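Notes to accompany the following structure.
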Amino acid sequence: MNTLNLFKIYKMFESEDGLKINANVLEQLQEWNLIPREGQYLCARGHPLKLLECTASSDGFVWRCRKISKSGKQVRTCNQQISLRKNTFFDRSRLSMVKLIAFSYFWLKNVTQDFIIDELSITRPTAVDWCNFCREVVYDGMVVKGREIGGVGSIVEIDESKFGRRKYHRGHAVEGQWVFGGVERGTNKCFLVPVEKRDKETLLAVIKNWILPNTTIVSDFWKVSLMPKCPYMCI
Ligand SMILES: [Zn+2]
């Protein structure tokens with residue numbers, strides 16, 4: 001969502017409430033891997049489902065099976081139907097898709113919850129619920145389903161950061177969790193790992209776990225001398 005902004009979101013949905021989506025939105029959501037492409041999703045009988053317009057559905061589209069079967073003179077269409085949101089990022093919300101996309105965009109931009117509530121006209125419990133969900137999605141994608149990055153010819157930038165609340169009356173002291181992470185240049189594949197200690201052994205273990213050998217590692221805090229026999233090039 002690097003180059004996304006609010007105008008682009010509204011233009012994509014062609015309206016601010018955007019209850020019904022259009023074919024362009026479908027295409028964009030598929031490009032972002034937020035909904036499957038045709039052919040990836042099967043009905044209960046194993047036929048590939050098609051995305052079809054449906055005025056009765058709140059989003060304006062449903063997955064439907066159009067498989068025709070003949071037995072004798074009888075011709076039947078399978079017609080099994082599944083919600084567009086089933087098993088997707090949007091599954092557990094009733095908010096319109098434009099609001100969910102805008103919410104996620106705001107969340108990534110780190111704006112306040114009050115700002116989101118005002119802009120999207122949603123209730124506080126809804127905002128809290130979706131914030132938690134966004135956090136779970138990021139955790140799941142980066143920690144649970146994360147995979148090793150880097151490899152021959154690739155460059156990974158590593159960094160460490162402390163996540164948490166800034167304490168009032170205590171200057172810049174932050175209570176929270178140290179997190180160690182890396183991003184692969186060009187692909188933006190990344191990992192984030194919470195760490196208890198920030199010593200050489202801990203960080204090296206995380207690196208070996210998450211970064212493939214022969215990767216060039218770029219870091220502001222890392223010193224080449226930390227790893228005399230390391231399988232990485234550090235700059
Ligand atoms: Zn079917």
Net length gained if the chain between Asp199 and Asn33 were fully extended (0.36 nm per residue, minus Cα distance): 56.0 nm
For the chain, take the convex hull of the Cα atoms, compute a quarter of its surface area, and give me that in nm², please. 18.2
Hey, which lysines would be in cross-link range of Lys200, C-alpha to C-alpha under 27 Å, not counting anything within fewer than 8 residues on its own chain? Lys145, Lys162, Lys189, Lys208, Lys223, Lys229
Dipole in debye (nearest 20) - the chain, about Cα centre, beta carbon charges: Lys, Arg +1; Asp, Glu -1: 900
Near the amide H of Ser154, under 5 Å away, which other amide H atoms are found, from residues 5 or more places off or on another chain, if H is placed in the peptide plane? Thr216
So between Ile122 and Leu52, what do we pick up on full extension, going 0.36 nm a residue minus the alpha carbon distance? 22.3 nm
For Gln74 and Ala23, what is the calculated FRET efficiency with R₀ set at 45 Å and r taken between the beta-carbons, to the nearest 0.05? 0.85
Kirkwood-based Rg/Rh on the Cα set of region 47-133 evaluates to 1.20
Ellipticity estimate at 222 nm from DSSP helix runs (n ≥ 4, -39,500 (n - 2.57)) divided over the chain, nearest 500: -8500 deg cm²/dmol
Rounded to the nearest 10 degrees, the helix 97-109 long axis (Cα) sits at an angle to the longest Cα principal axis of the chain of 10
Residues whose placed amide H lies under 5 Å from that of Val195, excluding near-sequence neighbours: Trp178, Val179, Phe180
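Only the coordinates and a few stated rules stand behind these numbers; no lab work does. As the structure is a computational prediction, the values presented were derived from the model and not from experiment. Cβ coordinates were reconstructed from backbone atoms using ideal geometry, including for glycine residues, and neighbour counts include every protein chain displayed.
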